[in-house]
Amino acid sequence: MVVDYSKWDKIELSDDSDVEVHPNVDKKSFIRWKQQSIHEERMKRNQDIKNLETQMDMYVNLNKRVDKLLSAFTEQEGNFGDLAKIPIIEKFLNENFDKTEKSEGDNVDPDIATYNEMVVDLFEQLKRDAIKEKQNPEDPNVIKKLMLQHRGKIDKVTEEAKVKLKELHQEKELHISSDDIHTGFDSGFMNKKIATTDEDTQKINDAMEAVNLKQTTNQKDELPKSLKLNAPLQFIEYTNEEDILKLAPETETFGLKIPYDNYKMSMQFLLSNMQIISGQQKDALMMKSFEYQMPDKNSPMTYQIVHQSEVLSYIREIYDMKKIPFLRVEEMEEVIKMFFNKIIFNPANTKGKDSFLDSVKSKYEHIKTRSEILKKEQIEEVEDGEIEGVETIQLKSLDDSAELEVVLPDFKSTDPEEIKKCEAFKKIPKEMQEALKTQNLDEVNKVFETIQIDEAEQILELFNEADIIGVRAVLENEDDFNNIKQDYQQQQQQLDKGEANVEHIVEEEEEIPDTADIVD
């Protein structure tokens, strides 16, 4: 019988029985260094695998959105020009993809932008790239070309990531670690099962963790304060003014992804994530409903979010009656179960559930009414030169004695300065070019009303480069004109007199004899 010994090639031995080292090197230290090196390489390899898998998953989701955009905005559909309009791109993505979907993983920043936001940022970057390359950022053909170039780069990086990931997996398979060892045929015995409650099980687990922690840290007397038994847990509370409306990922999942009428799922989720039952999180979740109600008054997500926020509110109010200043797991678990079992799942008394749903309906109607008021305020802001609460640029002279005027470059001139101005003018979006050709400042401001502040600032830079806007003095009567004319004539006479004096001085200097010979 031939024995295949190749299966043992994958094992990395860390035993010191057959290790030979230099006499000047401590053998035990060498063994420890070797073991540490093996563990570090294994951890780095596993981390690289996770990072590449997360990266590839992100590229798949981004490409899915980009491909959908390129296929939807075509000349056949008649909307090809919208490919260069950021607000339309953003609206399309939110209508066709999950607005909250984003990359997740152990090493992923929880505050990372969503996939939709990443694609919108990409289009904004493409428009900036088009300006740098002296191309029209409002031309859909330019945007599509740049997008396809970027798409090709992503495909290339993805292929490289696949090759690297395959190499890492092959390298991992060459070595066997304790993670790869599984129990096969085994025998043993079990004591008769002793009935225990969930509370007893939790205490046993906590005690075992405490014992293990003492052994591993070699601290016989005390544990770290954050890991002591019965240490109070913390509610999720973002207290900074900037984060007052920030939602924890768990709260966002509870409010947006768990169906409001699936109470069993809601109860199980809260039992596992009771830290989100805080005043700040339930208020922030309620405010989240405005994001869905404002653009779409018939959005079903508004009721969904309001309902889940009210669940958090009810449970927190019951818990506050216990007057416990921190999160105690046993007490909060009791409150959660009591709310669902006695108010939601109680068939003998439906008044509790009816009262809860009436409260949800009242809050829902309040959100709808308030959203309509905010919409009206936004309309008024638009009339004042603002769009969707974002300030826009308007051109106006701050001096009552002067007016702004539109000065077009000479498109037929061969002067290098005029040619430079013409090139800058061509970079301006076509809609704004048409408004400038009217040389009417009101028409220019009308176009600015439809442009967001960032894009408007870029256009102003082109205005400055093309020397588009000039200043014209305004004279109220003929006396003002005569005064200005008289001042000009006096200035001109002084200039002429000054030139004459300069010429006289120059002549006198020419008559001065050379004193070099006298000195010699």
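Could you put L122, L436 in order of accessible surface area, largest first, with the 1.4 Å probe and the full protein assembly present?
On the way: L122 30, L436 0 Å².
These residues rank, largest area first, as L122, L436.
Using r as the Cβ-Cβ distance of E101 and D243, and R0 as 22 Å, what FRET efficiency do you calculate, to the nearest 0.05? Kindly include the intermediate steps, with their values, before the conclusion.
Working: r = 22 Å, r/R0 = 1.00.
Efficiency for this residue pair is about 0.50.
Whole angstrom only: what separates the Cα centroid of region 247-317 from the Cα centroid of region 108-167?
34
Once label points are set 7 Å from the Cα along Cα→Cβ at both Q149 and E431, what is their separation, rounded to one decimal in nm?
About 2.5 nm, to one decimal.
Going 7 Å from the Cα of R370 along its beta-carbon direction, which residues of region 231-264 have the amide nitrogen within less than 14 Å of the resulting point?
245
Contour minus end-to-end for A72 and D111, with contour as 0.36 nm per residue of separation and end-to-end as the Cα-Cα distance?
Numbers: separation 39, 0.36 × 39 = 14.04 nm, distance 2.99 nm.
That works out to 11.1 nm of additional length.
Roughly how many nanometres apart are two label points built 7 Å out from the Cα toward the Cβ at E317 and K353?
Going by the 7 Å Cα→Cβ label model, 1.9 nm.
Past 30 Å, Cα to Cα: identify those pairs from K353/K375; K127/K376; K396/K421; K64/K375; K68/K172; K132/K376, in the order given. Can you show the working numbers first?
Details: K353/K375 33 Å; K127/K376 32 Å; K396/K421 22 Å; K64/K375 33 Å; K68/K172 37 Å; K132/K376 39 Å.
Correct reply: K353/K375; K127/K376; K64/K375; K68/K172; K132/K376.
At 1.4 Å probe size, put M332, M58 in order of accessible surface, largest to smallest. Mind dumping the intermediate values first?
Values: M332 0, M58 40 Å².
Output order, biggest surface exposure first: M58, M332.
On a full-extension model of 0.36 nm per residue, what is the gain between K132 and L168, subtracting their alpha-carbon distance, rounded to one decimal in nm? Walk me through the numbers on the way to the answer.
On the way: separation 36, 0.36 × 36 = 12.96 nm, distance 3.96 nm.
That pair, K132 and L168, stretches by 9.0 nm at full extension.
Work out how much length V329 to I38 would gain on full extension: take 0.36 nm times their residue separation and subtract the Cα-Cα distance, in nm to one decimal.
Numbers: separation 291, 0.36 × 291 = 104.76 nm, distance 4.03 nm.
Answer, rounded to one decimal: 100.7 nm.
Search the structure for amide H atoms under 5 Å from the amide H of I469, placed 1.01 Å from N in the peptide plane, and list their residues when 5 or more places away or on another chain.
Counting only residues 5 or more places away or on other chains, the set is V407.
For each pair in K145/K412; K99/K427; K246/K342; K99/K145, compute the distance between the two Cα atoms and list the pairs where it is over 28 Å. Please list the in-between numbers first.
On the way: K145/K412 31 Å; K99/K427 33 Å; K246/K342 31 Å; K99/K145 26 Å.
Table pairs above 28 Å Cα-Cα are K145/K412; K99/K427; K246/K342.
Pairs of lysine in region 267-333 with Cα under 25 Å and at least 8 positions apart or on different chains: total?
Details: K282/K297; K282/K322; K282/K323; K288/K297.
Close lysine pairs found across region 267-333: 4.
The values are calculated or read from the model by the stated rules, or taken from the named source; none is laboratory data. Worth saying up front: this structure is predicted, and the values here are computed from it rather than measured. We place every Cβ from the backbone using ideal geometry, glycine too, and count neighbours over all the protein chains shown. The accessibility values were calculated without ligands, DNA or RNA, using every heavy atom of the protein model including side chains. Shrake-Rupley method; radii C 1.70, N 1.55, O 1.52, S 1.80 Å.
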